[in-house]
Amino acid sequence: MLEDLIKGNRSYRRFYQDEMVPAETLKWLVNLARLSASAANLQPLKYLLANEPARNDAIFSCLAWAGYLKDWPGPPPGERPSAYIIILSDREILKQYWEHFCDHGIAAQSILLGAREKGLGGCMIGSLQKDRLRDLLNIPARYDILLVLALGKPKEVVVLEETAPGGSIKYWRDAAGVHHVPKRRLADIILV
Ligand SMILES: Cc1cc2nc3c(=O)[nH]c(=O)nc-3n(C[C@H](O)[C@H](O)[C@H](O)COP(=O)(O)O)c2cc1C
């Protein structure tokens, strides 16, 4: 059921790093993005795939993890993503990818839902050192870097909670390592 898939599609930040994600799976995921909505059907998005250690390490070194977890620098070796999909925009199709184009968010969600269906999980990473990533991966200036999707077999439990108006929206981790994600209540976000 879609509702179950969405509920299970949490941001996962710890993985079984040794569980490799095959290139075929990454391509299958990008195909889901390819079939998704695109403003004016321009389809400016392009994708870089990574699933081997040296390339993964380079990408990992550019990412910032879980800003609210101040004492956690991100996943340690052994729990890092085993694959990445980097979402780019092609300037030769669209000179300037404006913020109101939400193609990359839609693509990211399609990919992450597909990943969940395959027993994988991931996290959108928007907080990244784009210039460094461009240098390390030799990404041509033709492509704007929009978002990195970290992927792998999740090694953590993530639970949803409800937060009342005025309550904290900051995710947190308990002593057992369970990651808690507060969501605003349905009645608090529907205005009519
Ligand atoms: C556009 C976008 C950018 C994000 N960037 C980061 C990031 O840089 N680092 C990170 O750890 N999580 C990032 N996240 C994940 C959010 O922190 C996460 O979605 C939020 O805590 C809610 O958890 P949930 O995805 O399980 O609902 C990002 C999410 C989105 C939608």
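The values are calculated or read from the model by the stated rules, or taken from the named source; none is laboratory data. Worth saying up front: this structure is predicted, and the values here are computed from it rather than measured. Cβ placement follows ideal geometry from the backbone for every residue including glycine, while neighbour counts extend to all protein chains displayed.
A few remarks follow.
- Annotation note: of 150, 64, the sole residue that is loosely packed, with under 14 Cβ neighbours inside 10 Å, in contact (Cβ under 8 Å) with a residue 60 or more places away in the chain and within 16 Å of the ligand (Cβ to nearest atom) is 64.
- When the test is whether a residue is touching a Leu at 6+ places or on another chain (Cβ under 6 Å), surrounded by fewer than 19 Cβ atoms within 10 Å (Cβ to Cβ) and assigned to a helix (DSSP H, G or I), residue 40 does not pass it.
- Scanning region 153-192 for residues that are hydroxyl-bearing (Ser, Thr, Tyr), assigned to a loop (DSSP other than H, G, I, E, B) and surrounded by 12 or more Cβ atoms within 10 Å (Cβ to Cβ) yields one hit, 171.
- Annotation note: of 80, 34, 55, the sole residue that is more than 16 Å from the ligand (Cβ to nearest atom), buried (at least 16 other Cβ atoms within 10 Å of the Cβ) and at pLDDT 95 or above is 55.
- Apart from one condition, residue 81 fits all of (1) part of a helix (DSSP H, G or I); (2) under 20 Å from residue 157 (Cβ atoms); (3) under 16 Å from the mean Cα position of the chain (by Cα); the exception is (1).
- Against the criterion of being modelled with pLDDT of 95 or more, surrounded by 18 or more Cβ atoms within 10 Å (Cβ to Cβ) and acidic (Asp, Glu), residue 90 does not qualify.
- Some residue of region 2-19 being closer than 12 Å to residue 83 by Cα and over 17 Å from the mean Cα position of the chain (by Cα): yes
- For region 58-78, filtered to residues that are in a loop (DSSP other than H, G, I, E, B) and of a type in the set (A, V, I, L, M), the residue that is nearest to residue 119 (Cα to Cα) is 66.
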